[in-house]
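Asks: I have a structure here, written as structure tokens, and I will follow up with some questions on it.
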Amino acid sequence: MKFLKLGSFIMLVSILLASCGSSGPSAKDDLKKLKSYNTYAFLPNKDTIINRELENEAIQQVIVETINANMRDEGFVLDQRTPDVLVHFHPMFDEKVAVNANPVYTNYPYYRPGHYVGPYYQDFMYENYFTIQRLNGPRVAQVPYRERSIVIDLIDRRTNEILWRGTSEENIGSRRMQREIREYIDDIFKEQF
């Protein structure tokens, strides 16, 4: 009888210990893996800023320039042919109703007729961007929509897995928009990278 109770106790402890295992990669794991990469290029976004009060091209340009500066500061080098990391950002500047409820960044509409790639990407875009159709990994998830915010994904080009996702709880103001965008992105890289 004592043997049966001891066996049950050992089995219960084993089950509890097994259930305490890691539930997935941590932010530290992601950054450690990311530090082993050297090159990057951009995946173009869908130019979602349709608010007539905002200058789409100017906002996109500032975002690309600021992310480029931060990637260089982190030691990455631009490589449009075979980058290790693909950078994709989603500017959420439209009203909430204008944004669909699909999981953010799991599918790209690159084969859709009329997909427009802005000129601000020309010198920084992955040459074969249209081959990336779907992303995977633990970072593919619904992102709560916050008006006037930006989400930045760094993606492993070989596996299409999101390695790192950066965003902020703050919203970007409208008084000095370009300056605030730069500060917002700089803060994301400082706090999360």
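Computed from the coordinates by the stated procedures, all read-outs in this text should not be read as laboratory data. From a predicted model like this one, the values you see are computed outputs, not experimental measurements. Here the Cβ positions follow ideal geometry from the backbone for every residue, glycine too, while neighbour counts run over all protein chains shown.
Asks: Would you list which aspartates and glutamates come within 16 Å of LYS33, measuring only between C-alpha atoms, while excluding same-chain residues fewer than 8 positions from it?
Replies: Excluding near neighbours in sequence, the set is GLU74, ASP84, ASP153, ASP156, GLU161.
Asks: Assuming R0 = 25 Å, what is the FRET efficiency of ASP186 and VAL117, from their Cβ-Cβ distance, to the nearest 0.05? Walk me through the intermediate numbers first.
Replies: Values: r = 25 Å, r/R0 = 1.01.
Given R0 = 25 Å and the Cβ-Cβ separation, E is 0.50.
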